[in-house]
1. Restricting attention to the range 74-117, which residues are over 16 Å from Glu292 (Cα atoms), away from the ligand (no atom under 11 Å from the Cβ) and hydroxyl-bearing (Ser, Thr, Tyr)?
2. Note down all Cβ pairs under 7 Å where the first residue falls in the range 227-252 and is in contact (Cβ under 8 Å) with a residue 12 or more places away in the chain and under 26 Å from Leu204 (Cα atoms), the second is part of a helix (DSSP H, G or I) and among the acidic types (Asp, Glu), and they're at least six residues apart or on different chains.
3. Conditions: (1) touching an Asp or Glu at 6+ places or on another chain (Cβ under 8 Å); (2) at pLDDT 90 or above. Lys390 meets all but one. Number of the miss?
4. Could you run through the range 280-306 and say how many residues are of a type in the set (Gly, Ala, Ser) and touching a Phe, Trp or Tyr at 6+ places or on another chain (Cβ under 6 Å)?
5. Exactly one condition in (1) part of a helix (DSSP H, G or I); (2) more than 16 Å from the ligand (Cβ to nearest atom) is false for Ile330; which is it?
6. Cβ-Cβ under 6 Å, sequence separation 6+ or interchain: first residue in the range 123-145 and more than 10 Å from the ligand (Cβ to nearest atom), partner part of a helix (DSSP H, G or I) and acidic (Asp, Glu). Which pairs?
7. Name the residues in the range 265-298 that are under 22 Å from Phe236 (Cα atoms), more than 12 Å from the ligand (Cβ to nearest atom) and surrounded by fewer than 23 Cβ atoms within 10 Å (Cβ to Cβ), would you?
8. From the list Phe304, Phe321, pick out the single residue that is at pLDDT 95 or above, among the hydrophobic types (A, V, I, L, M, F, W, C) and either surrounded by fewer than 15 Cβ atoms within 10 Å (Cβ to Cβ) or more than 30 Å from Val393 (Cα to Cα) (or both).
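The values are calculated or read from the model by the stated rules, or taken from the named source; none is laboratory data. All values derive from a computational prediction rather than experimental measurement. A quick note on method: Cβ atoms are made from the backbone with ideal geometry, for glycine too, and the neighbour counts reach across all protein chains shown.
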Amino acid sequence: MSKIKALRGMKDLLPDEIWKWQLVENSIKKIMQAYAYKEIRTPLLESTKLFARSIGDSTDIVNKEMYTFLDKGEDFISLRPEGTAGVARAVIEHNLTYKGAQKLFYLANMFRYERPQKGRYRQFYQFGVEVLGLDSPAFDAEIIFLSRKLWQDLNIENDLKLELNTLGSSAERANFRLALKDYLSKYENELDADSKARLTTNPLRILDSKDAKTQEILTQAPVLFDFLGANSRADFDHLCEILQLSGVEFVLNTKLVRGLDYYNKSVFEWTTDKLGSQNAILGGGRYDGLLELLGGKPTPAVGFAMGIERLILLLETLDKFKAQAGKKVILLADENFSAQALNLAESLRSSSSAYSLDLILGGSIRSQLKKADKLGADAVLIYAEQEVAKKVVLCKFLRKNIEQVSLNLNDIENYLTQNFGD
Ligand code: HAM
């Protein structure tokens with residue numbers, strides 16, 4: 001019978017790689033705790049209307065990439081392509097900002113029907129934060145700080161670049177849109193096909209075009225920055241000032257518009273030059289108008305989301321996991337002494353956090369060693385008949401040039417910790 005495979009663009013996270021995810025997730029949770037952000041979990045499925053209204057009818061995400069279907073009640077529902085819309089809906093529905101501002105985060109899977117390639121999948125995971133009810137640019141800065149903290153924690157601070165822009169208010173943007181459209185219409189026939197179509201649907205996204213000719217035309221185009229009012233300018237200057245004061249380097253990218261319609265004022269992305277075309281690891285910005293647009297009270301908000309697959313790809317590319325891989329020890333014991341072996345394993349497990357301990361029972365020492373090697377053990381503890389009688393173990397490192405030694409049971413813990421910690 002033919003085998004059934006996972007859907008295109010959807011990946012299994014297998015036992016041998018899941019530790020990398022856990023490492024990243026633990027780091028994220030630690031930082032969220034330190035910054036006093038609380039977790040929120042919203043449903044995977046939402047009404048299609050929610051995404052159309054918040055992300056925007058004319059965006060690629062809503063137009064081309066959503067998994068949308070009719071449920072049995074004949075309602076259009078969609079798998080969430082991102083997390084902000086669902087969080088905004090939940091905040092309104094449960095009146096969460098009633099008690100004051102909310103600082104929230106999520107670690108959740110998202111779905112976009114995109115053409116899969118390295119760093120781009122149809123099911124992917126995001127870590128996102130959303131701050132609701134606070135309008136000071138200080139909080140734009142705070143979420144940038146906490147993303148920088150994550151890079152520092154993972155030792156990739158120098159491999160990411162922060163790009164920053166401001167989109168102004170919706171009125172300022174509308175004026176700019178008109179001017180941009182006016183200018184680009186003169187070159188309509190020279191634009192790439194996507195940009196030509198966007199001239200009527202979403203002219204701002206043309207700034208994102210990767211086409212060389214379009215980019216050449218754009219060099220003389222009006223710049224959004226020139227359309228900003230005093231308030232937008234002041235907020236942006238304030239944000240830049242805070243970042244400069246705290247030593248966060250950034251580049252101003254006036255073409256950064258992001259692919260979702262809900263943004264206003266500051267937008268930003270952390271990008272890398274190590275992953276080819278899928279170079280944005282994290283993106284976000286302010287979305288002060290979204291909650292009102294969804295029927296809530298006017299509520300300023302700012303947030304970001306990071307692609308976990310992309311972060312892990314980056315960490316792998318930079319070989320950052322090597323030093324972090326957990327150590328594995330395997331106790332090799334005789335079936336006849338399983339009680340003693342389990343007893344020893346229990347006491348080692350309760351005293352150590354420096355390694356994980358597995359157990360192989362039965363078989364010759366030779367075959368046990370082979371199995372342990374296949375299972376990726378860093379060291380083995382041999383606890384056969386003779387050793388049990390003498391109350392010792394033989395400790396052998398499989399991936400290091402260290403002589404095999406005989407250890408008293410009380411000395412195992414110290415010896416392993418010392419030799420793992422080089
Ligand atoms: P986004 O830029 O669409 O923003 O996605 C954020 C991040 O998710 C991207 O930078 C990328 O790392 C990852 N990502 C997006 N699509 C894929 C994909 N197909 N495969 C793998 N990774 C992907 C948002 O989603 C906004 N909700 C961010 C936000 C939160 N803004 C305010 N609050």
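1. The one that is over 16 Å from Glu292 (Cα atoms), away from the ligand (no atom under 11 Å from the Cβ) and hydroxyl-bearing (Ser, Thr, Tyr): Ser78.
2. Hits for this filter: Phe227/Glu172; Leu228/Glu172; Gly229/Glu172; Ser232/Glu172; Leu239/Asp140.
3. (1)
4. 3
5. Going through (1) part of a helix (DSSP H, G or I); (2) more than 16 Å from the ligand (Cβ to nearest atom) one by one, Ile330 breaks only (1).
6. Pro137/Asp235
7. Gly289, Pro298, listed by residue number.
8. Within the list Phe304, Phe321, the selection yields Phe304.
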